[in-house]
């Protein structure tokens with residue numbers, strides 16, 4: 001029982017990342033009809049926004065420490081962050097420690113702007129082109145973006161830790177009456193899960209409770225009619241592209257303490273996220289979220305030693321296996337709508 | 001009356017035979033001119049540096065390339081000479097190799113076997129490389145080593161840690177200076193035993209490919225020999241980035257040690273995840289829970305950040321070694337590039353110098369002469385103490401370092417501290433050891 005609860009919890013945080021990326025993908029597909037293979041790269045760009053802020057906060061000047069030597073035997077040059085000079089050591093340390101949460105504020109406008117520029121500068125030229133063209137150009141863009149990141153940040157993962165207050169794990173099992181250490185869960189993963197729920201809630205609220213969102217949803221259902229009413233739906237869809245980029249970017253920001261970001265992390269999520277979108281149903285926002293969590297949990301279960309012993313290699317194929325089964329039984333996915341990608 | 005037998009068909013046949021007859025000596029003379037593949041004929045010689053320039057190990061590849069460039073400088077008599085001044089063999093004198101100026105070409109392995117073979121092939125066939133060296137993966141090393149054997153080229157392996165490189169996949173034209181999985185196990189186990197005791201239960205997470213298997217086998221056999229119990233060994237996909245689903249059940253298994261047979265991004269992520277789950281703060285079976293990383297790399301440790309603190313592992317070499325060879329190399333590399341070299345840089349530099357020295361001592365670039373010069377070669381002054389290139393398997397035997405993540409690093413390079421220099425006698429094994437079973441060295445191939 002404890003193993004089952006544990007894997008469900010593991011699946012929830014993994015599913016959170018899938019759900020957030022798939023939500024953005026579906027938003028873009030639903031509004032603009034574009035299959036965006038650069039969406040994983042937006043997740044990665046968000047993560048590197050966190051890395052960038054962390055580096056900005058630790059911008060330093062060198063102070064010579066005569067008591068110690070460097071690897072060449074010269075007096076050691078110690079980096080002292082400018083923040084210490086401006087705000088004192090205590091405040092400086094707190095700001096550096098909380099760089100990841102602060103990156104949300106830093107990354108949000110950057111990702112919105114990045115998304116809008118990407119849509120206006122490149123994607124809009126491919127609206128009326130076949131999906132194959134869209135896939136090619138966005139996949140190419142993803143590769144360009146990851147190479148740019150590699151050029152500036154290198155190929156190695158860059159550690160971006162969570163604030164000290166969220167390091168470690170809590171014994172969830174003890175709350176449920178299990179023995180100590182049976183169900184442990186890292187604090188930051190819980191934060192990530194809650195963050196994902198909040199972001200998903202905000203996106204749904206935005207789409208369902210604001211006039212802007214209602215117009216966007218109307219445009220998703222019937223773009224032409226909304227246009228005939230004199231509403232500039234293209235501008236709203238551009239903003240939605242920016243919003244989708246921001247959702248992916250924020251998912252990337254908060255993911256950095258879970259796994260040290262590297263230039264390839266977007267690609268690692270991209271294919272799985274597309275599977276999530278297809279399983280959830282093309283164009284269905286709630287389907288994307290549901291499928292994200294579902295596949296995350298299934299993947300966690302498939303990674304259990306006992307399951308791998310019974311079915312070797314199941315951990316590597318479970319998501320695709322489930323996708324095949326769901327598409328065979330429900331060709332439009334879990335919550336897919338009739339007519340989407342069916343012309 | 002004579003009858004002419006000259007026909008059109010006959011003329012064509014005769015012409016073909018005559019043409020072939022004229023051509024054959026030309027072909028033979030071409031091969032006769034080269035006794036072996038890519039024999040240098042001018043006043044320079046080309047070395048092929050095959051390193052990951054793109055892909056996940058690109059940073060490690062960049063460091064390898066820096067080391068090779070430094071080695072070329074030193075071979076050509078430029079710079080401060082680095083380890084050439086501390087190297088026990090004095091055959092090299094800074095005027096290239098056999099008086100020929102050393103030049104080089106580079107290839108990108110991408111850490112993919114097929115790409116690495118293609119780039120090595122191109123350097124051999126198009127650029128005339130006489131020797132191929134480099135790489136950051138055992139899969140790549142095994143693939144390129146086999147290619148060099150077929151082509152009649154010497155392969156001086158870069159960073160490759162799998163037993164198989166000089167085990168079942170060994171080749172006469174291939175040589176490895178880097179240590180291997182067996183040596184990691186043999187060096188680490190006594191240190192782990194001293195630090196954590198003999199009554200331990202280990203849980204292994206192993207990268208699902210060749211290197212992972214040999215490392216798991218080496219560590220389990222070495223630790224079990226000291227009394228540890230292996231509770232479970234789970235294979236993890238090489239492409240996995242989030243190891244939470246594999247780490248979460250570790251505490252439930254009753255294990256009190258987690259061994260991460262991972263390298264590169266896998267190691268960074270699995271170690272980060274293990275620390276996130278608070279494993280190192282837990283008590284199991286009345287003991288502190290511990291994590292072990294059998295193969296450390298400073299570049300990878302940097303990716304894991306503070307998570308490496310206090311965690312044991314092994315490494316081929318470390319810049320903080322105080323012997324004259326290491327210090328000379330660190331000074332030379334550090335002065336040129338502004339930071340200390342990695343173990344990948346060290347092994348690549350040493351391999352380039354060792355090859356050049358072997359050619360110089362042999363008096364020939366012929367691969368078979370080089371093989372003869374390297375087999376059973378004993379040397380010192382290259383950073384790991386007295387070292388032997390064993391003739392039986394072309395594996396270097398030298399001291400191995402057991403290291404630990406440093407608690408209070410003074411800089412971004414100061415991540416590991418040397419806990420023990422394990423003497424070579426403790427890590428040597430017979431050529432027919434079961435972990436190296438299968439395959440045959442074969443005979444050297446000069447090509448051409």
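Observations on the model:
- Computed E for residue A:93/residue A:3 - FRET, C-beta separation, R0 45 angstrom, nearest 0.05: 0.70
- Here the extension length gained between residue A:231 and residue A:165 equals 19.0 nm, from 0.36 nm per residue of separation less the Cα-Cα distance.
- Where labels lie 7 Å past Cα in the beta-carbon direction, separation of residue B:306 and residue A:69 in nm: 3.0 nm
- For A:255-264, mean number of other protein chain Cβ atoms within 10 Å: 5
- Calculated over the stretch B:76-166, the projected area of the Cα convex hull averaged across directions stands at 6.9 nm².
- Hydrodynamic radius of chain B per Kirkwood, over alpha carbon pairs, in Å: 23.0 Å
- If you take the alpha carbon atoms of the stretch A:41-94 and fit the smallest convex hull around them, that volume is 104 Å³ per residue.
- The ellipsoid equivalent to the alpha-carbon distribution of the stretch B:122-233 has semi-axes of 35, 12, 10 angstrom, derived from the gyration tensor eigenvalues as √(5λ) and listed largest first.
- With neighbour counts taken as other beta-carbon atoms within 10 Å, the residues A:310, A:304 rank, fewest first, as A:310, A:304.
- Chain A: angle of helix A:211-221 to the longest principal axis, Cα-based, in degrees nearest 10: 50 degrees
- Here the mean projected area of the convex hull built on the C-alpha positions of the protein assembly as shown is 45.9 nm².
- On the beta carbon distance between residue B:114 and residue B:78, with R0 = 41 Å, the FRET formula returns roughly 0.70.
- Taking Cα atoms only, the orientation of helix B:113-125 departs from the longest principal axis of chain B by about 40 degrees.
- Separation between Cα centres of the stretch A:203-253 and the stretch A:1-74, rounded to whole Å: 25 Å
- Gained length - residue B:388 relative to residue B:417, 0.36 nm times residue gap less alpha-carbon distance: 7.9 nm
- For the stretch B:320-395 versus the stretch A:314-328, the inter-centroid distance based on Cα atoms is 50 Å.
- Long-range tail of P(r) for chain A (Cα pairs > 39 Å, %): 21 percent
- Between 0 and 90°, nearest 10: helix B:265-276 axis offset from chain B longest Cα axis: 0 degrees
- Between residue A:131 and residue B:285, the distance separating the two model label sites (each 7 Å from Cα on the Cα→Cβ line) works out to 5.3 nm.
- The stretch B:167-203 and the stretch B:275-299: distance between their alpha carbon centers, rounded to Å: 19 Å
- Equivalent ellipsoid, the stretch B:325-411 (semi-axes from 5 times Cα gyration tensor eigenvalues, Å): 29, 16, 9
- FRET efficiency, residue A:77 to residue B:229 (Cβ-Cβ, R0 51 Å, nearest 0.05): 0.60
- When B:117, A:235 are arranged by Cβ crowding within 10 Å, least crowded first, meaning fewest neighbours, the order is A:235, B:117.
- Size descriptor, Kirkwood hydrodynamic radius, that averages inverse alpha-carbon separations across the stretch B:182-315, Å: 14.4 Å
- The stretch between residue A:124 and residue A:56 holds 21.1 nm of extra length on full extension. This uses 0.36 nm per residue minus the Cα-Cα distance.
- In range of the label at residue A:143: residues from the stretch A:22-58 whose backbone nitrogen is under 20 Å from the point 7 Å along Cα→Cβ: A:35-45
Where a number appears in this text, it was derived from the coordinates with a stated rule and is not lab data. Everything numeric in this text was worked out from a predicted model, so none of it was measured. Note that each Cβ is placed from the backbone with ideal geometry, even for glycine, and that neighbours are counted across all protein chains shown.
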